[in-house]
Every structure is written in structure tokens, then in C-alpha cells.
Amino acid sequence: MSALPEYALYAIRYARRDARRRDHFIGGDPHDAPMPMDYFVWAAIGPDRAFVIDSGFTEEVGTARGRAFLRCPVASLPLVGLDGNEVKDVILTHLHYDHVGNFHKFPKAEFHLQEKEIHYTTGRHMRYPFLAHSFEVEDIVGLVRLNFAGRLRLYEGPVELAPGLTLHPVGGHTPGMQFVRVHTSRGWVVLASDVTHYYENMEAGRPFVAAFHVGEMLEAYDALRAAAPSPQHIVPGHDPLVLRRYPPPRPDLEGIVARLDVMPKE
Ligand SMILES: [Zn+2]
């Protein structure tokens, strides 16, 4: 078991938005307080292979949606020693606009996704704006083109992409959602992505507003806990607490990059 490679694991914040607590829980929230949202991409860098996890949105799409765009996620990869032009593997946790934009900036990459997510985003539910508004149609069309180009790897279930890196499908947020488990020097870290947007969604069992299936979202919180050695090994997808709990790899990257392969504060 100790032969498993250890990955360096980073979160890179590329955008943010102001929001209120009521925006993030089904049924709202009695406390009318600010609850801003951060937007991240992640990178897992092992001795032999490197994986980028999600690709963020473009400045154009983010601005149109009223998000505060801080930096291009792909142009930021050199901060952790990667070059988007050379990246071979991009894992897509799901196809929401803030996770799959910029796919065109990885000219050499294969993209790893659950097949259900392509079925969902080209299927009957996209006629409903309530569900479709979280996707950019050009992203979905672009993914279909990538598939015809032989650059999409579609999975039906859990998969070990490499020793020390596994993908885990769960429902709830979208039908083809997956989270990523990465082996690091502190053991297995579970990158939840939007399986839980905030620590609080999972810890309090209060589902996030963007839900395809509420029951499966609650079960997905259990799946995160089952996959992680401790709650401190689960990293939510959009919580500003991530940059407070985890240190930057260098002092000048404070507020931009967090190291997730070390234990969090608290
Ligand atoms: Zn999402």
C-alpha cells in the first residue's frame, strides 16, 4: 500500500462572487448574512503524471454571469508548475459552466468524465431553463466535438485513473457528477467539487440550491464521508474557508493557491 504515489494537490482560486446565506440552501436561511462564493480549479501532480481537475470559466462567460473574474484558470497553472499546452489529462467533475469552460485551452489533453453527464446535457432535461441555465451550450457542443475527435474518456462508474487517483460518480447536483480521491502525503484527500459547495452543506445536511435530485445529494454527502479517512480530508468545491484553512505553497500565493496535501488549520 505504501507503494502508492503521493500527489501534490492544489486549489487555485480564479473567481468569486458576493452572495447571501439564503442563496446556498434549499429553503433559504433565517440568518440574512453574507456568504460569498469562491471558484476553483484543482491540480494533482504526481511523480509520473499530472491531472488538472476542472477548467473554470472564461472571463467572457464569467462577466456575462456577473462573477468577479480574478485570473484565467489555465493561465494560472504555471503557479503550480504546469503548462496548459502540455497537460495530458483533465478530469471534469461535471459540465456546469464554471467547471468546463476553457477546455479549448488544453490542446493535448484527454478529458475524463462520467458518460451520464453527456447524456444528461444532451438530453430531455435541457429544455428547462431551471436546469439548463447552469450550462453553456457552446461548452456542451464543444465536448461533443471532443468526443468525435477521440479526446473524451467516458466512464460508467468508479474508475482508477492512475495509482493513487480515483473517480467516484454520485448523483444529486447533476446526474453525472463525480468527485476525485487523490493519494497525498497525508493520505487520501477527497476533492468534492460540487458534491458539496460549502463545508456547511455537507456538515448540516442542508442541500445546495442547485440540485437535480435532493435525495441523491444527501446520499452523496455520505459518499464523501465514506471515501475520506476523516472529515478534514474532504475539500468542498466553492467554500472561501478553503483558502483560510490551507496554506499557500509560497507566501506570494496567499489568497490564490492553497496546498491541500497538508492538514488544514482547525
Ligand atoms: Zn455545479
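Each reported figure results from applying straightforward, stated rules to the coordinates on display, with no laboratory input. Remember, predicted model here, so these are calculated numbers, not experimental data. Cβ: placed from backbone, ideal geometry, glycine included. Neighbour counts: every protein chain shown.
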For this session: Restrict the check to the stretch 10-18 and report whether at least one residue is loosely packed, with under 15 Cβ neighbours inside 10 Å, touching a strand residue (DSSP E or B) at 6+ places or on another chain (Cβ under 6 Å) and in a loop (DSSP other than H, G, I, E, B).
Result: no
Exercise. What number goes with the only condition from (1) under 19 Å from Ala15 (Cα atoms); (2) over 17 Å from the mean Cα position of the chain (by Cα) that Glu138 does not pass?
Worked result: (1)
Seminar exercise, completed: Note on the stretch 181-221: residues touching a Ser or Thr at 6+ places or on another chain (Cβ under 7 Å) and either assigned to a strand (DSSP E or B) or farther than 30 Å from Ile45 by Cα (or both) are Arg181, Ser193, Ala210, Phe212
Exercise. From the set of residues in the stretch 162-177 that are farther than 19 Å from Ala43 by Cα and of a type in the set (Val, Ile, Thr), which is surrounded by the fewest Cβ atoms within 10 Å (Cβ to Cβ)?
Worked result: Val170
Problem set entry | Candidates Tyr198, Tyr246 - the one that is out of contact with any helix residue (DSSP H, G or I) (no Cβ under 7 Å at 6 or more places or on another chain), over 19 Å from Lys116 (Cβ atoms), of a type in the set (Ser, Thr, Tyr) and surrounded by 20 or more Cβ atoms within 10 Å (Cβ to Cβ) | Tyr246
For this session: Find the residue count for the stretch 222-238, including only residues that are more than 16 Å from the ligand (Cβ to nearest atom) and in a loop (DSSP other than H, G, I, E, B).
Result: 3
Problem set entry | Selection from the stretch 38-70 of residues that are outside any strand (DSSP E or B) and farther than 20 Å from Ala8 by Cβ | Phe57, Thr58, Glu59, Glu60, Val61, Gly62, Thr63, Ala64, Arg65, Gly66, Arg67, Leu70
Exercise. Which one is farthest from the ligand (Cβ to nearest atom), of the residues in the stretch 146-196 that are polar (S, T, N, Q) and on the phi < 0 side of the Ramachandran plot?
Worked result: Ser185
Exercise. Within the stretch 86-136, how many residues turn out to be in a loop (DSSP other than H, G, I, E, B), within 14 Å of the ligand (Cβ to nearest atom) and surrounded by 23 or more Cβ atoms within 10 Å (Cβ to Cβ)?
Worked result: 6
